[in-house]
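Single-structure report; data block below.
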Amino acid sequence: MLVIGLTGGIGSGKSTVAGLLADCGAVVLDVDAVGREVIAPGGLAEADVLAEFGVGVADAAGHVDRAALGRAVFGQPEALARLTAISHPAINTELAARLAALPVASLVVLDMAILVESNLGKLPDGNGYTKVVVVEAPTELRVDRAVARGMSADDVRARIAAQASDAQRRAVADVVLTNDGDRDRLAQRVGELWITIMGWASAE
Ligand code: ADP
């Protein structure tokens, strides 16, 4: 099974690329969605998050209130580190279970906003991602795209500043896919990427 980590900063087009790779036949696992699921009712990390952060992050039903949890860690590196220490191992456990349930010949893409900044997707026994694809786009284009989706330009810029830099992502990339053209151009580049991916799979 070939597992690829797909990452890129906000507005780079990472999710669009994930969708195009799914069209090619990849199994895409949305790591950000798994992150939400592990703290949802019954999720692997729910009880530990509530134990660590207390009733202040619980809703009326006693489940994790994601907005309150976000406020509890926003701008507070120490609190964020405590949350990460609970949630990231749970996400990796969940990912390992999902990968184990897939046919061995699957070509899997882990769609993850946070890759360089974390151990997400790095699983025991070499079962995590072994290749990294980074989607990149000029900052102004990223801001325009995210604004078109309804975010304020200031929020996008703050998010970009808080995320890993292009240089940090490039340093871990096997392939950098530049999304600076129109959708057709992107589809063409993903087609080329798919050929590269086929090569990786056959070399396994
Ligand atoms: P990310 O997941 O990196 O934040 P998305 O894939 O959601 O980015 O793309 C951000 C927005 O830009 C979406 O609305 C998407 O449809 C649009 N988009 C992505 N790539 C292109 C492109 N090449 N041309 C035009 N719009 C694009």
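The values are calculated or read from the model by the stated rules, or taken from the named source; none is laboratory data. The model shown is predicted, which means the values in this text are computed figures rather than measured ones. Neighbour counts run over all protein chains shown; Cβ positions are idealised from the backbone, glycine included. When the accessible area is computed, the model is the full protein with side chains, heavy atoms only, and any ligands, DNA or RNA have been set aside. Shrake-Rupley method; radii C 1.70, N 1.55, O 1.52, S 1.80 Å.
Per-structure values
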item	result
Segment 83-129 and segment 1-38: distance between their alpha carbon centers, rounded to Å	12 Å
Debye, to nearest 20: dipole size of segment 48-204, +1 on Lys, Arg Cβ, -1 on Asp, Glu Cβ	100 debye
0 to 90° range, to nearest 10: angle between helix 183-203 axis and the chain longest Cα axis	90 degrees
Accessible surface of segment 25-88 [probe 1.4 Å, protein heavy atoms]: carbon and sulfur percent	58 percent
In segment 81-164, the GluC sites (Glu not before Pro) that fall in loop regions by DSSP, at most 16 other Cβ within 10 Å	117
Shape call, segment 1-73: gyration tensor on alpha carbons, a/c limit 1.5	prolate
The chain: most fluctuating residue of 55, 172, 133 per GNM, C-alpha cutoff 10 Å	55
Pairwise Cα inverse-distance average, inverted: Kirkwood Rh of the chain (Å)	18.0 Å
Residue with peak Gaussian network fluctuation, the chain [Cα springs, cutoff 10 Å], from 12, 87, 118	118
Equivalent ellipsoid, segment 141-204 (semi-axes from 5 times Cα gyration tensor eigenvalues, Å)	28, 17, 8
For segment 46-59, 3J(HN,Hα) per residue [Karplus equation, 6.51 cos²θ - 1.76 cosθ + 1.60, θ = phi - 60°, Hz, x = Gly/Pro]	4, 4, 5, 5, 5, 5, 6, 9, x, 5, x, 10, 9, 8
Segment 2-203: relative contact order in percent, alpha carbon pairs under 8 Å with at least 6 residues between	34 percent
